[in-house]
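**Student:** After the structure tokens below, expect a handful of questions from me.
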Amino acid sequence: FGFSLAILSTNLNSRPKVIVLTPFKLRHRYFVKELMSNGVEIGLVVIKTEHKNLFTLLKTNFSLSGFLDNSITLVEFFSKGWVSVPKVAIKKVDKYTDDSVVKLLNSTLIDAVIVYGGPIIPSKFLKSIDSPLLNVHGAILPGYRGLDSHWWLFFENKMDLQGYTIHYVD
């Protein structure tokens with residue numbers, strides 16, 4: 001992945017620099033740490049804040065998706081421990097598609113924007129970003145689209161299809 005980003009780098013003598021859009025849960029922290037350990041400079045991590053009322057919080061945590069998300073976080077925690085990412089600037093936003101995010105992305109000298117664990121990006125937002133956007137999806141496409149794809153692989157006993165798909169977002 002670092003080699004792929006090196007191709008995008010504007011300066012061949014420097015490390016590729018990216019901004020990551022992510023919820024920054026445990027697996028996303030591990031991903032950012034792995035990028036850093038493989039020579040990718042993280043200019044910024046943009047996190048979408050979640051303002052949840054009690055009903056939404058209960059609905060989220062007691063849904064199948066919430067249950068699976070909480071379960072995998074526990075498994076990850078006990079298998080890898082807490083992942084702290086050193087020296088990474090973090091910006092919290094209400095929506096990834098805010099005008100302030102567009103200005104921030106376009107005003108920072110970066111080689112790419114990486115979306116990992118984020119929502120579908122609207123075309124209006126894509127057209128306003130100067131840098132290439134890369135999406136990291138936690139399964140091999142087109143077989144397992146959407147959220148919780150790693151769990152569907154497990155439930156359907158198709159772990160041999162476990163992997164990641166990295167693609168340009170256009």
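The values are calculated or read from the model by the stated rules, or taken from the named source; none is laboratory data. A quick note: this is a predicted structure, and the numbers were derived from the prediction, not measured. Every residue, glycine as well, gets a Cβ built from its backbone with ideal geometry; the counts of neighbours run over all protein chains shown. When the accessible area is computed, the model is the full protein with side chains, heavy atoms only, and any ligands, DNA or RNA have been set aside. Shrake-Rupley method; radii C 1.70, N 1.55, O 1.52, S 1.80 Å.
**Student:** Taking only the stretch 161-170 into account, find how many residues are open to solvent by 80 Å² or more (accessible area, probe 1.4 Å) and of a type in the set (A, V, I, L, M).
**Tutor:** Going through the stretch 161-170 one residue at a time, the tally reaches 1.
**Student:** Now for a different question. As an exercise: evaluate Lys158 against (1) surrounded by 13 or more Cβ atoms within 10 Å (Cβ to Cβ); (2) touching a residue at least 24 places away in the same chain (Cβ under 8 Å); (3) of a type in the set (D, E, K, R) and give the number of the one condition it does not meet.
**Tutor:** It is condition (2) that Lys158 fails.
**Student:** Can you name every residue in the stretch 138-151 that is touching a residue at least 24 places away in the same chain (Cβ under 8 Å) and over 17 Å from the mean Cα position of the chain (by Cα)?
**Tutor:** Hit for the stretch 138-151 is Trp151, nothing else.
**Student:** Could I ask something else about it? Of all residues in the stretch 94-128, count the ones that are out of contact with any strand residue (DSSP E or B) (no Cβ under 6 Å at 6 or more places or on another chain) and in a strand (DSSP E or B).
**Tutor:** 0
**Student:** Do we have any residue at all in the stretch 129-137 that's assigned to a loop (DSSP other than H, G, I, E, B), in contact with a Phe, Trp or Tyr (Cβ under 8 Å, 6 or more places away or on another chain), open to solvent by 30 Å² or more (accessible area, probe 1.4 Å) and touching a residue at least 60 places away in the same chain (Cβ under 8 Å)?
**Tutor:** Yes, that holds for at least one residue.
**Student:** Are any residues in the stretch 138-153 in a loop (DSSP other than H, G, I, E, B) and either open to solvent by 40 Å² or more (accessible area, probe 1.4 Å) or closer than 23 Å to Glu34 by Cα (or both), and if so, which ones?
**Tutor:** Within the stretch 138-153, Gly138, Ala139, Ile140, Leu141, Pro142, Gly143, Arg145, Gly146, Leu147, Asp148 meet the criteria.
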